[in-house]
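The block underneath contains the structure these notes are about, expressed in C-alpha cells.
Just so it is clear, none of the values below were taken in a lab; they were calculated from the coordinates. Not measured: the values here are computed from a predicted model. Backbone-built Cβ (ideal geometry, glycine too); neighbour counts: all protein chains shown.
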C-alpha cells in the first residue's frame, strides 16, 4: 500500500490552554476549518460529527466539553474529549486535557486535525510535564482508512462478518498514548459497528490486545509475551545503509488484528526526535510534484528519552501537517 491521503484540508496550529473557554474555542475553530460540524451544543461544549473521505465515508461523533472534572491529586481542571458512534452515540473513553496551569499555558498545545482525526500534544513532552502531575496533555482520536476492497472486519471467513458501518478509535489523555509509544494500554477505546471496547479494569498491558500501531516484524508475534526478541525491524545507524530507514504504512488495530490505516501518516523505521519534521515530494491529483511537510508525533518514555522509538519499537509516526495543493495522490515507499 502507500500513504492513505484524505485529499482534504489539514490544520496544524497552536491552541491556548490558559482557560477552558480559550481551549474549547480554539479547538472549535480548528475542527470546523477541516470539515467537522456541530451536531448540537451542550453546556460548555459541543458534540461534533466527523466523516472519513469517500467512498468509505464512515462517520462518528466526538464530544468536547468542560464537565467540571479535575485530574490527578493536584486537581488540575480539564476538558473531556470523547468519541462515540454516529447513530446511537455509544460512547468511548473520556480523555482529559488540562487547562489553567501556568506552566502549560506558557507553552500551549499543538493541534493537528484533519477531516476525520485529531491529534493534541504539548511540544517537547511525552509522559512528563512542566508542572508536577500535569500529564493529561496529549490525546488522539479518529476514523481509520480501509483498503478500497475491504468491506468487513478481517476474518478467515468474510461471509460471517457484517459490513463495516462504524469504525473509530481514541487514546491518550495521560501518560498513556501514541505520544509516548505505539501502545495505548490504559486510556483508550475503539469501536466496530457500535460495539465499543474500553480497557479492562485489570491486567492492562501491551499483551492484552489493546489499541496499537503495528510494527514491521518477522513471523513471530511481537505482541505476545513469549515472542523471541528481536523481531521488529530496527534502523542501524552504523550499517551500510545509514540514513536510509524504511518507510511503511501507519497500521492501527486492536484485538491482535490490523483494523485500518491512519490517514495522512506514515511510519519511519528510525527513532527520530519527537516533533522532528520531515520533507518529502508527493504528487497532487494532477500528477504534479509538491513539497509535503510531516511531523513526528511520537516520543518514547520506555527508554526515558524524547525519541520516537528507543526501547519501544525503533520507529516514528509522521503526520502530514499541511493541506496538499488540490489533493494528493498516493506515492509508494
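Counting neighbouring beta carbons within 10 Å and listing from fewest to most, the residues 63, 320 come out as 63, 320. With neighbours defined as other Cβ atoms within 10 Å of a residue's Cβ, the residues 38, 137, 95, 22 order from fewest to most as 38, 22, 95, 137. Taking only the C-alpha atoms of region 34-82, Rg followed by Dmax gives 14.1, 47 Å. Post the alpha-carbon centroid distance, region 60-116 to region 13-41, in whole angstrom. Region 60-116 and region 13-41 have Cα centres spaced 11 Å from each other. Based on Cα contacts under 8 Å between residues 6+ apart, region 36-91 shows a relative contact order of 26 percent.
The ranking of 184, 116 from fewest to most other beta carbons within 10 Å of each one's beta carbon is 116, 184.
With the simple model of a label 7 Å out from the Cα in the direction of the Cβ, residue 257 to residue 89 spans 2.9 nm.
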